[in-house]
Amino acid sequence: PVGFQDRMKVILSINLACGYGVERCVTTATSLFNKYKNGEITELPAELKTTIFNTVLSVTPVTDEVKENWEFLWEKFLNSQQATEKVVIYYALGLIRDEETLLRFARDCLDETKVRQGDALYILGTSIPRTKIGREVSWRFMKENWASMTEESTENLFGFDVYVSGVLEDFSDEATLAEIREFFSDKMDTWDRVQQRTMEPCSPLWGTSPGWRNIGPAWRCMLTGSWV
């Protein structure tokens, strides 16, 4: 019998192959997904479900078929009663390279009839910003909805940190840095309850750390320029 470590190596290899667009892997994942979507099989291998979902929604260019696959998984998300399955699905949903679909996804995250309020910030911060187009959509969405989101999220401070850091941490150009600084310069008072928390020491990472790593714990302090 195949041991656990050997099995995990196989799964990792498949995940990497599909992630790098190896044709055979992508074709196999797509075939399995189509059988699942069409009802030919009732379930996918649990250890490959993430890879399969991610693969079919990462396809470019975004065709009508890719959008149909997204709609299928969105319905699965809405109807699923399993928390672990919902996480797998929402991570995949953010991978589609279609601006209109991602904007709709972001808006629907704020609809409590579709997404639990406790999940919304995590989806907005960890799913949609995973691609270049997703980061751009997420940043624009944050700017447009900052006032309402800060008002509604005062009881979920950790979730809001996850959201903000998830949207901002992978930008790395000076122009976006300047835009972010300008945007937040007059908005810190809308989140004064967060500022009352004990914060980890800030470090001057803006513009010096590729990828802006560690922005999460210190984003407020860095944005206001209060270095420690």
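The values are calculated or read from the model by the stated rules, or taken from the named source; none is laboratory data. Owing to the predicted nature of the structure, the values given are computational and were not obtained by experimental measurement. With ideal geometry, Cβ positions are generated from the backbone for all residues, glycine too; neighbour counts draw on all protein chains shown. Areas reflect the complete protein model, heavy atoms only, side chains present, ligands, DNA and RNA absent. Shrake-Rupley method; radii C 1.70, N 1.55, O 1.52, S 1.80 Å.
All conditions in (1) modelled with pLDDT of 95 or more; (2) basic (Lys, Arg); (3) surrounded by fewer than 17 Cβ atoms within 10 Å (Cβ to Cβ) hold for residue 9, with the sole exception of (1). Taking residues in segment 167-192 that are within 13 Å of residue 146 (Cα to Cα), and partners anywhere that are open to solvent by less than 20 Å² (accessible area, probe 1.4 Å) and modelled with pLDDT of 80 or more, the pairs with Cβ atoms closer than 6 Å and at least 6 places apart or on different chains are 167/129; 167/138; 167/139; 167/142; 190/150; 191/150.
When both residues are 6+ apart or on different chains and their Cβ atoms are under 8 Å apart, which pairs have a first residue that lies in segment 5-18 and is more than 25 Å from residue 59 (Cα to Cα), and a second that is of a type outside the set (Val, Ile, Thr) and open to solvent by less than 80 Å² (accessible area, probe 1.4 Å)? Listed by first residue and then by second, the contacts come to 7/47. Are any of the residues in segment 13-26 hydrophobic (A, V, I, L, M, F, W, C), under 27 Å from residue 116 (Cβ atoms) and at pLDDT 95 or above? No, there is no match, as no residue in segment 13-26 is hydrophobic (A, V, I, L, M, F, W, C), under 27 Å from residue 116 (Cβ atoms) and at pLDDT 95 or above. Of these, 42, 55, which one is closer than 21 Å to residue 84 by Cα and buried (at least 19 other Cβ atoms within 10 Å of the Cβ)? After ruling out the rest, the residue left standing is 55.
Just name the residue that is nearest to the chain's Cα centre (by Cα) out of those in segment 68-115 that are among the polar types (S, T, N, Q) and closer than 19 Å to residue 43 by Cα. The selected residue is 84. Only residues that are at pLDDT below 50 and touching a Gly at 6+ places or on another chain (Cβ under 9 Å) were counted across segment 161-201, and they come to 0.
Return the residue satisfying two criteria in turn: it lies in segment 131-166 and is touching a residue at least 12 places away in the same chain (Cβ under 8 Å) and of a type in the set (Phe, Trp, Tyr), and of such residues it is surrounded by the most Cβ atoms within 10 Å (Cβ to Cβ). Within segment 131-166, the match that is surrounded by the most Cβ atoms within 10 Å (Cβ to Cβ) is 163. Close Cβ contacts (under 6 Å, 6 or more residues apart or on different chains) running from residues in segment 102-121 that are among the polar types (S, T, N, Q) to residues that are part of a helix (DSSP H, G or I) and open to solvent by 70 Å² or more (accessible area, probe 1.4 Å) are absent. Selection of helices (runs of 4 or more DSSP H) fully inside segment 1-59 by the criterion of at least 2 residues being within 20 Å of the chain's Cα centre (by Cα) returns 4-19, 49-57.
For segment 69-117, residues that are polar (S, T, N, Q) and open to solvent by 30 Å² or more (accessible area, probe 1.4 Å) total 6.
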